[in-house]
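The values are calculated or read from the model by the stated rules, or taken from the named source; none is laboratory data. As the structure is a prediction and not an experimental result, all values here were calculated from the model. Positions of Cβ are generated from backbone atoms using ideal geometry, with glycine treated the same way; all protein chains shown enter the neighbour counts.
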Amino acid sequence: MQPKDLVEGIIRSVLQENFTHYENNLVAPDADLTQLTPEWRAGVAAFRKLDSHEKELMLRFLRLVAKDSISSVLAILDGVVFLPGQEDQLVLKYGDTLLSGDLQDIFLEQMESED
């Protein structure tokens with residue numbers, strides 16, 4: 001696995017598959033809310049009160065939050081951002097292949113090409 005492969009896997013898993021799961025639960029009018037946590041039920045109830053334009057804006061906003069969160073985690077893994085108490089740079093490897101260092105840049109490039 002190379003850094004680009006990891007980033008593409010994160011995009012596929014989080015921004016495509018996982019986000020689609022959340023979106024489907026929000027927009028499905030007949031979704032069974034009994035299996036959801038109280039936070040989920042409250043979020044779905046609030047989402048359902050929005051008009052179609054507001055729903056689209058909210059979904060775009062939630063996607064932006066997901067992108068920003070991924071970018072922030074990748075910045076930590078790359079050593080761009082240090083966590084409180086962190087005294088040394090994190091290193092992420094897959095076997096002998098160094099993955100960390102450019103993950104956030106690769107991710108941001110992918111996001112620019114997506115927009």
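The set of residues from region 1-43 being over 30 Å from Q110 (Cβ atoms) and hydroxyl-bearing (S, T, Y) comprises T34, T37. Could you count how many residues in region 3-57 are in contact with a helix residue (DSSP H, G or I) (Cβ under 6 Å, 6 or more places away or on another chain), among the basic types (K, R) and either in contact (Cβ under 8 Å) with a residue 60 or more places away in the chain or surrounded by 15 or more Cβ atoms within 10 Å (Cβ to Cβ) (or both)? Counting residues in region 3-57 that are in contact with a helix residue (DSSP H, G or I) (Cβ under 6 Å, 6 or more places away or on another chain), among the basic types (K, R) and either in contact (Cβ under 8 Å) with a residue 60 or more places away in the chain or surrounded by 15 or more Cβ atoms within 10 Å (Cβ to Cβ) (or both) gives 1.
Please verify whether K67 is out of contact with any Lys or Arg (no Cβ under 7 Å at 6 or more places or on another chain) and surrounded by 16 or more Cβ atoms within 10 Å (Cβ to Cβ), treating the condition exactly as stated. Judged against the criteria, K67 is a match. Evaluating E23 against the criteria (1) in contact with a Pro (Cβ under 9 Å, 6 or more places away or on another chain); (2) modelled with pLDDT under 90; (3) charged (D, E, K, R) leaves one unmet condition, (1).
Restricting to region 58-99, what's the tally of residues that are among the hydroxyl-bearing types (S, T, Y) and touching a residue at least 24 places away in the same chain (Cβ under 8 Å)? Selection size over region 58-99: 3. Looking at this structure, is A28 small (G, A, S) and at pLDDT below 95? When the stated conditions are applied, A28 passes them.
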